[in-house]
Amino acid sequence: MRYAIVGSGGIGAYYGAKLARAKKEVHFLFHSDYQYVIDHGLQINSYEGNFHLDRVNAYHDTTNMPKVDCVIVAIKTVKEKILKNLLPPLLSKDTLVLLIQNGIGVEADVQRMFPETALAAGVALICTAKTKPGVVDHLDLGHINIGNYSCKDNKVKELVKDFTEADLKADEADYLEARWKKAVWNMPFNGMTVALNTQTDKLVAFKPTEKLIHEQMCEVIKAAQILGVKNIDMNYADQIIASTRLMTPYSPSMKLDYDFHRPMEIDYLYTHPIAEARAAGYEMKRLEMLEAELLFKEKEYILNNK
């Protein structure tokens with residue numbers, strides 16, 4: 001399949017580079033580091049082995065890009081509205097859009113923008129960061145679960161096959177299960193690293209914060225169960241904490257956004273799932289408190305930057 005990467009940050013550039021290295025045709029949309037990548041290529045520094053792409057199909061505008069079989073969207077959800085203008089030049093009637101984005105409710109909102117377009121969720125379990133132009137640091141993990149949202153043909157299976165051929169760990173998964181299982185990690189750790197100005201390893205190494213993280217995880221699991229998500233129980237919280245202990249010390253994407261005083265993905269990571277749970281009769285009280293803290297912190301630095 002022919003691919004377009006919309007959002008060539010740490011995650012989009014990493015997955016796109018792996019596909020390109022495997023001889024898949026990949027076209028990348030870049031913004032601030034477009035000229036750097038044209039001149040110098042794309043460098044992936046990975047704990048699994050470094051590699052460099054000398055020649056990259058790099059663009060600064062989707063109107064100059066070809067139509068593709070699959071668009072991989074890896075922009076932050078705070079920029080979701082720009083997809084209305086970015087995606088149309090890339091889409092044919094058979095194009096699959098894979099949303100590698102954080103949170104709950106993303107696909108429903110994009111589907112309203114593009115009612116006839118096939119969508120899938122990409123739930124990435126990965127630690128990456130792009131902190132300088134044209135260079136991605138892949139720190140840990142890399143598995144991606146792909147959940148079919150509205151695709152009626154075999155493109156999701158083709159996508160998993162291409163990812164596997166690119167030496168990426170990819171599986172087809174139930175859509176709701178994949179989204180909510182990722183939320184079990186995302187909702188506690190993204191917000192708590194911001195609220196306490198720390199990294200993941202310190203949160204699980206200190207008993208009081210480990211207990212709070214566990215309680216927050218149980219709230220997400222309870223909400224998921226009430227909403228009908230399958231194959232998730234309270235033991236999953238223990239599994240996630242155990243796996244986080246083994247991770248490289250990490251600042252999640254929300255912590256990096258906070259550090260650089262960028263808008264944080266509070267809406268889809270907190271507001272949407274909290275509202276869905278409340279509509280089903282369940283209050284995620286600890287996570288509602290965390291959401292309020294995050295909204296306050298974001299407001300403070302946005303006001304100070306005006």
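For A4, the residues whose amide H sits under 5 Å from its own are H27, C70, V71, I72, ignoring neighbours fewer than 5 places away on the same chain, with H placed 1.01 Å from N.
Rounded to the nearest 10 degrees, the inclination of helix 235-246 to the longest alpha-carbon principal axis of the chain is 60 degrees. Kindly identify segment 55-169 as rounded, prolate or oblate by the Cα gyration tensor criterion: order the square roots of the eigenvalues as a ≥ b ≥ c, call it rounded if a/c is under 1.5, otherwise compare a/b with b/c, prolate if a/b is larger, else oblate. It comes out rounded by the Cα gyration axes.
Mind checking the full-extension length gain between M1 and I302? Use 0.36 nm per residue of separation minus the Cα-Cα distance, one decimal, nm. Show your work: numbers first, answer last.
Working: separation 301, 0.36 × 301 = 108.36 nm, distance 4.13 nm.
My answer for the length gained is 104.2 nm.
Just the protein heavy atoms count here, and of the accessible area of segment 167-227 at 1.4 Å, carbon and sulfur take up 55 percent. Loop-only check: which trypsin sites (Lys or Arg not before Pro) in segment 221-274 are DSSP coil with at most 12 other Cβ within 10 angstrom? Loop-located and lightly packed - K230. Over all other residues within a Cβ to Cβ distance under 11 Å of A277, the charged ones net out to -1, with Lys and Arg as +1 and Asp and Glu as -1. A DSSP coil position with no more than 13 other Cβ atoms inside 10 Å describes the following GluC sites (Glu not before Pro) in segment 69-128: E116. Applying the criteria of a DSSP loop state and at most 10 other Cβ atoms within 10 Å to the trypsin sites (Lys or Arg not before Pro) of segment 61-159 yields K93, K152.
Would you mind getting me the FRET efficiency between Y36 and D259? Use the beta-carbon distance for r and R0 = 30 Å, nearest 0.05. Before the final figure, lay out the partial values.
Values: r = 22 Å, r/R0 = 0.73.
Efficiency, rounded to the nearest 0.05: 0.85.
Per-atom-type breakdown for segment 10-158 gives carbon and sulfur 49% of the accessible area (1.4 Å probe, protein chains only). Solvent exposure of the chain, expressed per residue, is 46 Å² of accessible area, with all protein chains present and a 1.4 angstrom probe. Rounded to the nearest 10 degrees, the angle from helix 285-305 to the longest Cα principal axis of the chain is 60 degrees.
Multiplying the residue separation of N154 and R278 by 0.36 nm and removing their Cα-Cα distance gives an extension gain of 41.1 nm.
Its DSSP H runs of at least 4 residues, each contributing -39,500 (n - 2.57), put the calculated 222 nm mean residue ellipticity of the chain at -13500 deg cm²/dmol, to the nearest 500.
For the chain, the longest principal axis of the Cα atoms and the long axis of helix 175-195 meet at an angle of about 70 degrees. Residues whose amide H comes within less than 5 Å of that of A170, counting only those at least five positions distant or on another chain, are I144 (H built at 1.01 Å from N in the peptide plane).
The values are calculated or read from the model by the stated rules, or taken from the named source; none is laboratory data. The structure displayed is predicted, hence computed values, not measured ones. Neighbour counts are summed over all protein chains in view; Cβ atoms, including those assigned to glycine, are modelled from backbone coordinates with ideal geometry. Please note that ligands, DNA and RNA were not included when accessible areas were found on the heavy atoms of the full protein model with its side chains. Shrake-Rupley method; radii C 1.70, N 1.55, O 1.52, S 1.80 Å.
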